[in-house]
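**Student:** I'd like to ask some things about the structure below.
The values are calculated or read from the model by the stated rules, or taken from the named source; none is laboratory data. Please read these numbers as outputs of a predicted model, since none were measured by experiment. In this analysis, Cβ positions are derived from the backbone assuming ideal geometry, glycine residues included, and neighbour counts consider all displayed protein chains.
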Amino acid sequence: MQRLVSWLRRRCYHLPVAAGQDEFSVPTPADEARLWALVEAAWAPLGPEVRQAWQELVTRYPGSRADISIVEGALPAFLGILAGCSRELSADELTRLDRVVERKLWELDRADVHAVTGGSADGFLYSRGFVVAMGREFCEAVTGDPEMGVPDAECEEMCYFFTHLCHDQFGEFPATGSGISRESRSNLVAWIF
(Lines give C-alpha, C1' and ligand atoms only; values in the text may rest on other atoms or scores of the structure.)
Protein backbone atom coordinates (compact mmCIF):
# COMPACT_ATOMS: atom_id res chain seq x y z
CA MET A 1 0.00 0.00 0.00
CA GLN A 2 2.79 2.44 0.92
CA ARG A 3 4.43 1.89 -2.48
CA LEU A 4 1.12 2.68 -4.21
CA VAL A 5 0.69 5.87 -2.20
CA SER A 6 4.26 6.89 -2.96
CA TRP A 7 3.79 6.25 -6.68
CA LEU A 8 0.50 8.18 -6.78
CA ARG A 9 2.03 11.17 -5.02
CA ARG A 10 5.01 11.29 -7.36
CA ARG A 11 2.78 10.91 -10.38
CA CYS A 12 0.15 13.45 -9.33
CA TYR A 13 2.42 16.17 -7.91
CA HIS A 14 4.08 16.46 -11.31
CA LEU A 15 1.30 16.31 -13.85
CA PRO A 16 2.15 15.41 -17.42
CA VAL A 17 0.40 17.04 -20.35
CA ALA A 18 -3.19 15.87 -20.09
CA ALA A 19 -5.57 15.00 -22.89
CA GLY A 20 -6.82 18.18 -24.52
CA GLN A 21 -3.83 20.25 -23.40
CA ASP A 22 -1.27 21.54 -25.80
CA GLU A 23 2.40 21.28 -24.98
CA PHE A 24 2.53 25.01 -24.26
CA SER A 25 0.19 24.72 -21.27
CA VAL A 26 2.91 23.01 -19.21
CA PRO A 27 5.62 25.36 -17.91
CA THR A 28 9.11 24.74 -19.19
CA PRO A 29 12.25 24.76 -17.05
CA ALA A 30 13.08 28.10 -18.69
CA ASP A 31 9.71 29.53 -17.59
CA GLU A 32 10.35 28.34 -14.05
CA ALA A 33 13.88 29.73 -14.02
CA ARG A 34 12.54 33.09 -15.20
CA LEU A 35 9.95 33.21 -12.42
CA TRP A 36 12.52 32.47 -9.74
CA ALA A 37 14.98 35.00 -11.20
CA LEU A 38 12.28 37.70 -11.12
CA VAL A 39 11.32 36.84 -7.54
CA GLU A 40 14.96 36.96 -6.40
CA ALA A 41 15.50 40.25 -8.24
CA ALA A 42 12.44 41.76 -6.54
CA TRP A 43 13.73 40.87 -3.05
CA ALA A 44 17.27 42.14 -3.72
CA PRO A 45 16.79 45.94 -3.45
CA LEU A 46 14.72 45.93 -0.26
CA GLY A 47 17.56 46.81 2.07
CA PRO A 48 19.82 44.82 4.38
CA GLU A 49 17.32 44.27 7.21
CA VAL A 50 14.64 42.88 4.87
CA ARG A 51 17.16 40.93 2.83
CA GLN A 52 18.62 39.36 5.99
CA ALA A 53 15.16 38.45 7.38
CA TRP A 54 14.17 37.00 4.00
CA GLN A 55 17.40 34.99 3.77
CA GLU A 56 16.97 33.67 7.33
CA LEU A 57 13.41 32.59 6.53
CA VAL A 58 14.42 30.91 3.29
CA THR A 59 17.41 29.04 4.74
CA ARG A 60 16.21 28.54 8.28
CA TYR A 61 16.75 25.41 10.21
CA PRO A 62 14.79 23.96 13.11
CA GLY A 63 15.01 26.37 16.01
CA SER A 64 16.08 29.36 13.93
CA ARG A 65 14.60 32.74 14.74
CA ALA A 66 13.68 34.19 11.38
CA ASP A 67 11.64 37.37 11.90
CA ILE A 68 8.61 36.75 9.72
CA SER A 69 7.08 40.16 10.55
CA ILE A 70 9.90 41.96 8.69
CA VAL A 71 9.32 39.81 5.60
CA GLU A 72 5.53 40.22 5.76
CA GLY A 73 5.92 43.97 6.14
CA ALA A 74 8.09 44.06 3.01
CA LEU A 75 5.63 42.13 0.82
CA PRO A 76 3.93 45.25 -0.66
CA ALA A 77 7.31 46.68 -1.68
CA PHE A 78 8.40 43.29 -3.05
CA LEU A 79 5.22 43.04 -5.15
CA GLY A 80 5.71 46.58 -6.46
CA ILE A 81 9.27 45.80 -7.52
CA LEU A 82 8.15 42.50 -9.06
CA ALA A 83 5.51 44.37 -11.07
CA GLY A 84 8.14 46.84 -12.24
CA CYS A 85 10.50 44.03 -13.26
CA SER A 86 7.66 42.39 -15.23
CA ARG A 87 6.17 45.45 -16.98
CA GLU A 88 8.05 44.93 -20.24
CA LEU A 89 6.98 41.31 -20.65
CA SER A 90 4.56 40.27 -23.38
CA ALA A 91 1.15 38.75 -22.70
CA ASP A 92 2.58 35.34 -23.67
CA GLU A 93 5.48 35.73 -21.25
CA LEU A 94 3.15 36.75 -18.42
CA THR A 95 0.90 33.78 -19.18
CA ARG A 96 3.90 31.45 -19.04
CA LEU A 97 4.86 32.87 -15.63
CA ASP A 98 1.27 32.46 -14.44
CA ARG A 99 1.41 28.79 -15.47
CA VAL A 100 4.47 28.29 -13.28
CA VAL A 101 2.78 29.95 -10.29
CA GLU A 102 -0.39 27.91 -10.90
CA ARG A 103 1.63 24.68 -11.00
CA LYS A 104 3.59 25.53 -7.84
CA LEU A 105 0.39 26.39 -5.97
CA TRP A 106 -1.14 23.11 -7.10
CA GLU A 107 1.94 21.09 -6.05
CA LEU A 108 1.78 22.71 -2.59
CA ASP A 109 -1.94 21.94 -2.27
CA ARG A 110 -1.40 19.05 0.13
CA ALA A 111 -2.81 18.05 3.49
CA ASP A 112 0.66 17.85 5.04
CA VAL A 113 1.48 21.42 3.97
CA HIS A 114 -1.91 22.63 5.21
CA ALA A 115 -1.27 20.99 8.59
CA VAL A 116 1.67 23.38 9.09
CA THR A 117 0.52 26.58 7.36
CA GLY A 118 -3.16 26.36 8.34
CA GLY A 119 -5.94 28.51 7.02
CA SER A 120 -9.39 28.23 5.53
CA ALA A 121 -9.69 27.33 1.84
CA ASP A 122 -8.80 30.90 0.83
CA GLY A 123 -6.30 31.27 3.65
CA PHE A 124 -4.48 28.11 2.59
CA LEU A 125 -4.32 29.37 -1.01
CA TYR A 126 -2.80 32.64 0.26
CA SER A 127 -0.35 30.68 2.45
CA ARG A 128 0.80 28.82 -0.63
CA GLY A 129 1.11 32.19 -2.38
CA PHE A 130 3.45 33.24 0.41
CA VAL A 131 5.59 30.14 -0.15
CA VAL A 132 5.91 30.95 -3.86
CA ALA A 133 6.66 34.62 -3.14
CA MET A 134 9.61 33.58 -0.99
CA GLY A 135 11.34 32.05 -4.02
CA ARG A 136 12.70 28.78 -5.32
CA GLU A 137 14.75 27.71 -2.31
CA PHE A 138 11.89 28.19 0.14
CA CYS A 139 9.29 26.66 -2.20
CA GLU A 140 11.44 23.57 -2.71
CA ALA A 141 12.14 23.35 1.03
CA VAL A 142 8.42 23.42 1.90
CA THR A 143 7.57 21.01 -0.92
CA GLY A 144 10.20 18.58 0.41
CA ASP A 145 9.51 19.14 4.11
CA PRO A 146 6.20 20.83 5.02
CA GLU A 147 7.60 21.56 8.51
CA MET A 148 9.59 24.34 6.83
CA GLY A 149 6.29 26.17 6.21
CA VAL A 150 5.22 29.20 8.20
CA PRO A 151 1.87 29.15 10.02
CA ASP A 152 -0.56 31.88 8.97
CA ALA A 153 1.85 33.71 6.61
CA GLU A 154 -0.03 34.84 3.51
CA CYS A 155 0.53 36.57 0.19
CA GLU A 156 -2.82 36.62 -1.61
CA GLU A 157 -1.53 38.85 -4.40
CA MET A 158 1.07 36.28 -5.53
CA CYS A 159 -1.62 33.69 -6.31
CA TYR A 160 -2.87 35.64 -9.35
CA PHE A 161 -0.06 38.17 -9.71
CA PHE A 162 0.81 37.59 -13.36
CA THR A 163 -2.84 37.10 -14.31
CA HIS A 164 -3.71 40.56 -12.98
CA LEU A 165 -0.58 42.11 -14.45
CA CYS A 166 -1.49 40.68 -17.87
CA HIS A 167 -5.04 42.04 -17.51
CA ASP A 168 -3.79 45.47 -16.46
CA GLN A 169 -1.35 45.71 -19.36
CA PHE A 170 -3.22 43.96 -22.17
CA GLY A 171 -6.89 44.10 -21.14
CA GLU A 172 -7.43 40.37 -20.89
CA PHE A 173 -6.98 37.60 -18.40
CA PRO A 174 -4.73 34.82 -19.71
CA ALA A 175 -5.97 31.26 -19.95
CA THR A 176 -3.31 28.83 -18.84
CA GLY A 177 -4.94 25.87 -20.59
CA SER A 178 -3.53 23.55 -17.95
CA GLY A 179 -6.72 22.00 -16.69
CA ILE A 180 -5.49 22.27 -13.10
CA SER A 181 -6.72 24.62 -10.41
CA ARG A 182 -4.78 26.62 -7.88
CA GLU A 183 -7.73 26.59 -5.49
CA SER A 184 -7.36 24.69 -2.22
CA ARG A 185 -8.09 20.96 -2.19
CA SER A 186 -7.88 20.67 -5.98
CA ASN A 187 -4.90 18.30 -5.81
CA LEU A 188 -7.16 15.45 -4.66
CA VAL A 189 -4.54 12.72 -4.34
CA ALA A 190 -2.50 14.92 -2.00
CA TRP A 191 -5.52 15.20 0.31
CA ILE A 192 -6.55 11.54 0.20
CA PHE A 193 -3.18 9.96 1.02
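**Student:** Are there any pairs with C-beta distances below 6 angstrom linking a residue in segment 103-122 that is closer than 15 Å to A153 by Cβ to a residue that is of a type in the set (A, V, I, L, M) and in a helix (DSSP H, G or I), with the two at least 6 apart or on different chains, and if so which?
**Tutor:** L108/V131
**Student:** Can you pull out every residue in segment 47-83 that is free of Cβ contacts under 8 Å to residues at least 24 places away in the same chain and either within 21 Å of L35 (Cβ to Cβ) or in contact with a Lys or Arg (Cβ under 8 Å, 6 or more places away or on another chain) (or both)?
**Tutor:** R51, Q55, E56, A66, P76, G80
**Student:** If you don't mind, another one. Can you pull out every residue in segment 113-140 that is over 16 Å from E183 (Cα atoms), surrounded by 17 or more Cβ atoms within 10 Å (Cβ to Cβ) and not aliphatic (A, V, I, L, M)?
**Tutor:** Matches in segment 113-140: G135, R136, F138, C139.
**Student:** Related question: When the residues of segment 36-78 are filtered to those that are of a type in the set (F, W, Y) and at pLDDT 85 or above, which remaining residue is nearest to E147 (Cα to Cα)?
**Tutor:** By that ranking, first place goes to W54.
**Student:** Residues of segment 164-193 being assigned to a helix (DSSP H, G or I) and surrounded by fewer than 15 Cβ atoms within 10 Å (Cβ to Cβ), which ones?
**Tutor:** Answer for segment 164-193, where residues must be assigned to a helix (DSSP H, G or I) and surrounded by fewer than 15 Cβ atoms within 10 Å (Cβ to Cβ): D168, F170, L188, V189, W191, I192.
**Student:** Collect the residues in segment 141-193 that are farther than 16 Å from D98 by Cβ and touching a Phe, Trp or Tyr at 6+ places or on another chain (Cβ under 6 Å), keeping them in residue-number order.
**Tutor:** Residues satisfying the conditions are A153, E154, S184, R185, N187.
**Student:** Something else about it: Here is a list: V142, V150, V101, V113. Which entry is β-branched (V, I, T) and under 30 Å from F170 (Cβ atoms)?
**Tutor:** V101
**Student:** Could you check segment 137-159 and list, in sequence order, the residues that are assigned to a loop (DSSP other than H, G, I, E, B) and free of Cβ contacts under 8 Å to residues at least 24 places away in the same chain?
**Tutor:** D145, the sole residue that qualifies.
**Student:** Moving to a separate point now. Taking only segment 96-138 into account, find how many residues are of a type in the set (S, T, N, Q) and either at pLDDT 95 or above or over 14 Å from the mean Cα position of the chain (by Cα) (or both).
**Tutor:** 2
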